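Reviewing the structure listed below.
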Amino acid sequence: MKAPPRVVALVESLHPDAVKLAQELFTAPAYQLLLSPAQNWRESAHAIVMRTGSLTREDIEAAKCLQVVGKQGVGLDKVDLSAAKEQGVIIRNTPGINATAVAELVVAHIFAVARQIVDIGVRQRNGSVFQRHQCSGLQITGKTIGIVGMGAIGKTVARMLHHGFGCTIFAYDPFLADDAWSDVPHTRAQTVQEMLPLLDVLTLHVPLADGTRNLISMTEFKAMKQSCILINHSRGEHKHKTHYRGVVNEEDMVTALKEKKIWGVGIDALVYDPPTLEKYGDLWSLPNVVTTPHIGASTPQTQSESACAAVLNVWEFFES
Ligand code: NAD
């Protein structure tokens with residue numbers, strides 16, 4: 001008797017390249033593909049491919065046939081990992097694929113804050129006429145950069161800033177072996193605090209966890225140079241939590257900016273995500289704040305590559 005087909009469901013809208021790849025790979029009679037965004041997948045899916053949505057305990061417990069999840073991107077904060085483990089469901093994400101796109105946005109934020117590009121540009125459009133001396137900024141070439149979290153994104157930022165702009169790199173990541181990234185000359189810091197007074201830019205690339213919540217608070221802002229730029233592209237608490245916190249204590253950050261303890265900030269992942277005027281009006285009224293709404297990986301190239309990798313992860317699970 002022939003085995004019934006494995007049901008693979010694309011549960012969210014994926015990049016068209018990934019949908020096409022899934023149609024090529026998951027063909028009858030071995031597979032049945034439920035196309036994006038598949039409804040009622042819990043009843044029959046052996047595998048799902050997802051992007052940014054949630055996978056709750058309820059989903060996992062209801063999905064009796066589910067064996068594997070192809071998750072586009074690196075973040076697993078909206079996936080109930082303990083439920084998946086209990087039910088024996090394998091979760092495969094696509095680490096590293098979005099690192100170049102995120103790192104490019106980091107570099108864009110650094111320069112935007114250093115040269116006050118957003119403030120000056122907006123005020124110019126609103127009719128302000130500037131003298132050049134009112135628009136002075138900071139140079140980045142040859143400066144000292146501190147990176148917290150030397151994973152895929154942190155390393156890519158280090159390469160871009162060292163090889164592209166001759167920057168000196170300090171890094172803090174207690175979980176990496178000393179020889180884990182020998183291609184960029186750097187100094188390993190034993191603590192975040194010891195490098196703070198030396199830095200022209202501090203950039204954060206860590207997951208939100210017990211050891212990283214509020215990593216940068218008033219004590220750290222006080223230790224930074226007044227000319228230091230803070231960049232944060234690390235995700236904050238997901239909205240199902242009752243207490244919203246992030247790697248940066250945002251209330252302290254607003255105070256530090258008001259008191260001119262630092263030069264400015266560039267942030268792609270605010271704690272309240274998506275950010276609203278109600279939550280961030282105070283921050284957005286301050287000069288030299290550049291924020292974007294969690295768009296680090298938002299290039300068609302990255303979306304295509306990471307969605308295709310998620311589809312391939314499911315394929316390899318069944319075929320290897
Ligand atoms: P990664 O897993 O490759 O790297 C994370 C690094 O952080 C690891 O090297 C780990 O050892 C280190 N780390 C963990 N806890 C630490 C601590 N307490 N102190 C210092 N280092 C610590 O992940 P990645 O792909 O580089 O992504 C990093 C973070 O960037 C993600 O967790 C996510 O929050 C964020 N992110 C943002 C976007 C965006 O669009 N803005 C996109 C992808 C990822």
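The values are calculated or read from the model by the stated rules, or taken from the named source; none is laboratory data. Please read these numbers as outputs of a predicted model, since none were measured by experiment. We place every Cβ from the backbone using ideal geometry, glycine too, and count neighbours over all the protein chains shown.
Things worth noting here:
- Checked against the criterion of being under 30 Å from Val148 (Cβ atoms) and surrounded by fewer than 18 Cβ atoms within 10 Å (Cβ to Cβ), the candidates Glu43, Glu58, Glu104, Glu12 yield just one match: Glu104.
- Within the set Asp252, Asp273, Asp268, the sole residue that is acidic (Asp, Glu) and away from the ligand (no atom under 14 Å from the Cβ) turns out to be Asp252.
- Residues satisfying the stated conditions in the range 294-304, i.e. within 13 Å of the ligand (Cβ to nearest atom) and crowded, with 16+ Cβ neighbours inside 10 Å: His294, Gly296, Ala297, Thr299, Thr302, Gln303
- Filtered residue count, the range 112-158, keeping only those that are in a helix (DSSP H, G or I), touching a residue at least 40 places away in the same chain (Cβ under 8 Å) and under 18 Å from the mean Cα position of the chain (by Cα): 6
- Test result for Thr291, over 18 Å from Val192 (Cα atoms), surrounded by 17 or more Cβ atoms within 10 Å (Cβ to Cβ), under 17 Å from the mean Cα position of the chain (by Cα) and among the hydroxyl-bearing types (Ser, Thr, Tyr): yes
- Helices (runs of 4 or more DSSP H) contained entirely in the range 223-320, each with at least 1 residues that are closer than 30 Å to Ser13 by Cβ and in contact with a helix residue (DSSP H, G or I) (Cβ under 6 Å, 6 or more places away or on another chain): 300-319
- Matching entry among Val184, Val265, Val254, Val271 (being in contact with a Gly (Cβ under 9 Å, 6 or more places away or on another chain) and either farther than 17 Å from Thr291 by Cα or of a type in the set (A, V, I, L, M, F, W, C) (or both)): Val271
- Selected residue (only one of Ala63, Ala103 is modelled with pLDDT of 95 or more and within 16 Å of the ligand (Cβ to nearest atom)): Ala103
- Elements of type strands (runs of 3 or more DSSP E) contained in the range 1-54, each with 2 or more residues being closer than 23 Å to Leu76 by Cα: 6-10, 47-50
- If you go through the range 61-73 and keep only what is surrounded by 14 or more Cβ atoms within 10 Å (Cβ to Cβ) and among the aliphatic types (A, V, I, L, M), you end up with Ala63, Leu66, Val68, Val69.
- Any hit, the range 258-281, residues being in contact (Cβ under 8 Å) with a residue 40 or more places away in the chain, surrounded by fewer than 21 Cβ atoms within 10 Å (Cβ to Cβ) and closer than 20 Å to Leu76 by Cα: no
- Qualifying residue in the range 74-94 (condition: surrounded by fewer than 18 Cβ atoms within 10 Å (Cβ to Cβ), over 30 Å from Arg42 (Cα atoms) and within 14 Å of the ligand (Cβ to nearest atom)): no
- Filtered residues of the range 290-320 (kept if touching a Phe, Trp or Tyr at 6+ places or on another chain (Cβ under 9 Å) and among the hydrophobic types (A, V, I, L, M, F, W, C)): Val311, Val314, Trp315, Phe318
- Consider the range 70-100 and keep the residues that are assigned to a loop (DSSP other than H, G, I, E, B) and within 18 Å of Glu58 (Cβ to Cβ). The one that is modelled with the lowest pLDDT is Asp77.
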